[in-house]
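J.: Let me give you the structure first, and then I'll get to my questions.
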Amino acid sequence: MKENKRFLLLLGLVLAHLLLISIQVPRGDEPTYFERAIFSIFGPVEHGVVSFFRGLKSTWQDYFYLRDVQRQNQALRDEAFQLRQENLALRNLLLDFQGSREIQSLLATVSRSILVATVIGIDSGQVYKSIHLNKGAVDGVRKDMIVLDRMGRLVGRVVEPVSRGESRVQLISDVDSGVGVVTERFRVIGVLQGDAEGKCRLKYIVKTNKDVQADEEVLTSGLDGIYPSGIPVGRVVSIGEDGDLFKKIVVAPYFDLSDLDQVAVFTADLRDLS
Amino acid sequence: MKRIIEGIAGLALAVVLHTILGKVAAPLLVLFNAFSWVVLYFGLTRHDVFGALMGTACGLLQDSLSLGIFGVGGLTKTLLGFGAGYISRKINVAPAARTFVLVLVLASAELFLWKSLVLFLFGERFSAAGGLVFLQPLATSLVVSVAFQVFRRREARSS
């Protein structure tokens, strides 16, 4: 190919990209059809790779590496026993407050709406922005469903694109994420936003407010219209001032990205249940 | 036809490497960018036109697996692939040290351009991941230099 044609091809590609970027300004919530199509094609590749390695791992762990399995089984049996007792006690306690039929149906709905999903990928542009799950539209996953880690702590919410068998979750540590939160002790209301480094900022707390303390737990407030109230989010790690009207409060989210193998997607709107 | 199959295999390899790295440890994704490896490798071995096309494909693929502006990665990786291919056609990049320096400069330029576009055009905060991101060009040049030397030895043996 001649030199001029090479540069013309480069120019064409650059212009095509600039056009693609410019049609997304101002930033919309919806991904382009092209982006959806690529996600639908390569989402299953991620899914396949993770399934392959999980298969290898489980073959190794199930048939060869059986050291300490007996001890782990006993520990899990003990934990299951303890959780069953706790579950029973809490159910009985709930029955004291609400009618039996009402509570049974509520518990059945909650139990039905938990969808366990495996994390198959992490955001390729910025690690603390989003994750990909191995459950998609056919499993009932829809936009704005909330996602919790295995300890029931907030991870994020489902965002577009959701393909047939895979979906994307915006983490609470993303800079574009906003979660309505409240502090545990004095119920100070604020908005939690990611800082792109794996931590979050509790925003809009004025400097004169002395009620937020270090090491205090932060819970969802339910005021954002997406997340139900009372879900543990993280803990205040530092409180400072940045010369602004508001305080600079850093919150460490509870979820740990390196320990995030399985998550729970709530397919029912928990706000309707509470 | 052979080139197309090579290109598709390169794309699939980038996704596989990216997925494995993410499963091993999430911070590794800040240090190792498998999409850049593939683009630079094809740029150096198949030159500018194929490098630019692989840059477009890998960049858009990276964008589609990320919750950001679709097209920024595509743009920077197109320039990266074209740059690597164009320079490798103009000067002899066969010596290992020369490959290393060239890839280091190109990977640093691509990272700078990508972060600048995201920062200035869309006002997104720059994420340095505790400074780990600044080591990404170094890791990229190490991996690509080794891969390029392996390619050259295989070529020399087969000819």
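J.: Need the full-extension length gain, residue A:18 to residue A:33, defined as separation in residues times 0.36 nm minus the C-alpha distance. One decimal, nm.
T.: This chain segment gains 3.7 nm when fully extended.
J.: Cα atoms only: what Rg and Dmax, in Å, come out for the range B:2-158?
T.: Rg and Dmax of the range B:2-158, Cα atoms, are 14.9, 51 Å.
J.: Spelling out what I want: for every residue of the range A:187-197, take phi, set θ = phi - 60°, compute 6.51 cos²θ - 1.76 cosθ + 1.60 (Karplus), and round to whole Hz; glycine and proline get x.
T.: Couplings: 6, 7, 8, x, 10, 9, 10, x, 10, 6, 10 Hz.
J.: First select every other residue whose beta carbon is under 13 angstrom from the beta carbon of residue A:115; then total the charges, Lys and Arg +1, Asp and Glu -1.
T.: Counting the neighbours of residue A:115, the net charge comes to +2.
J.: Considering only protein heavy atoms, with the full assembly of protein chains and a 1.4 angstrom probe, order A:76, A:192 by accessible area, largest first. Please list the in-between numbers first.
T.: Numbers: A:76 105, A:192 0 Å².
Highest to lowest solvent-accessible surface, that is A:76, A:192.
J.: On average, how many beta carbons from a partner chain sit within 10 Å of the beta carbon of a residue in A:162-169?
T.: Rounded to a whole number, the mean comes out at 1.
J.: In the protein assembly as shown, how does Rg compare with the Kirkwood Rh, expressed as the Rg/Rh ratio over alpha carbon atoms?
T.: Reported Rg/Rh, Kirkwood definition of Rh: 1.03.
J.: For residue A:177, what residues show an amide H to amide H distance below 5 Å, using hydrogens built from the backbone and excluding near sequence neighbours?
T.: When sequence neighbours closer than 5 places are left aside, the close amide H contacts are A:194.
J.: Starting from the Cα of residue A:142, step 7 Å along the direction of its Cβ; do the same at residue B:120; then give the gap between the two resulting points in nm.
T.: Reported label-point gap for residue A:142 and residue B:120 is 4.3 nm.
J.: Tell me, what is the 1.4 Å probe accessible area of residue A:244, in Å² to the nearest 10?
T.: 90
J.: Mind listing which trypsin sites (Lys or Arg not before Pro) in the range B:55-159 are in a DSSP loop and have 16 or fewer other Cβ atoms within 10 Å?
T.: Filter output for the range B:55-159: B:125.
J.: In deg cm²/dmol, rounded to 500, what helix-only [θ] at 222 nm does chain B give when every DSSP H run of at least 4 residues adds -39500 (n - 2.57) and the total is split over its residues?
T.: -27500 deg cm²/dmol
J.: Express in whole angstrom the spacing between the alpha-carbon centres of the range B:17-39 and the range A:115-166.
T.: One Cα centre to the other: 19 Å.
J.: Does anyone have the angle between helix B:34-64 and the longest principal axis of chain B? Alpha-carbon axes, 0 to 90°, nearest 10?
T.: Rounded to the nearest ten degrees, it is 30.
J.: What part of the accessible area of the protein assembly as shown, given as a whole %, is carbon or sulfur when the probe is 1.4 angstrom?
T.: Whole-percent figure for carbon plus sulfur exposure: 61.
J.: Right, something else. On a 0 to 90 degree scale, rounded to 10, what angle separates helix A:69-97 from the longest Cα axis of chain A?
T.: The angle comes out at about 70 degrees.
J.: Please give me the summed charge of the neighbours of residue B:141: other residues whose Cβ is under 15 Å from its Cβ, Lys and Arg +1, Asp and Glu -1.
T.: Residues close to residue B:141 contribute a combined charge of 0.
J.: Mind giving me the nanometre distance, one decimal, between the label points for residue A:248 and residue B:98, set 7 Å out from Cα along Cα→Cβ?
T.: Distance between label points: 4.8 nm.
J.: Once phi is turned into θ = phi - 60°, what whole-Hz ³J(HN,Hα) does the Karplus curve with 6.51, -1.76 and 1.60 give for every residue of the range A:146-161, x standing for Gly and Pro?
T.: After applying 6.51 cos²θ - 1.76 cosθ + 1.60, I find 8, 10, 10, 7, 5, 9, x, 9, 5, 10, x, 9, 6, 10, 6, x Hz.
J.: May I ask you to derive the FRET efficiency for residue A:91 and residue B:146 from their Cβ-Cβ distance with R0 = 60 Å, giving the value to the nearest 0.05?
T.: About 0.50, to the nearest 0.05.
J.: Another question about this same structure. If you take the accessible area of B alone, add that of A alone, and subtract the area of the pair, what total do you get in Å², probe 1.4 Å, to the nearest 100?
T.: 4200
J.: Pop a pseudo-label 7 angstrom from the Cα along the beta-carbon direction at both residue A:258 and residue A:114 and give the gap in nm to one decimal.
T.: Reported label-point gap for residue A:258 and residue A:114 is 2.7 nm.
The values are calculated or read from the model by the stated rules, or taken from the named source; none is laboratory data. On a predicted model such as this, the values are computed, not experimentally measured, just so you know. Note: ideal-geometry Cβ built from the backbone for every residue, glycine included; neighbour counts use all protein chains shown. Areas reflect the complete protein model, heavy atoms only, side chains present, ligands, DNA and RNA absent. Shrake-Rupley method; radii C 1.70, N 1.55, O 1.52, S 1.80 Å.
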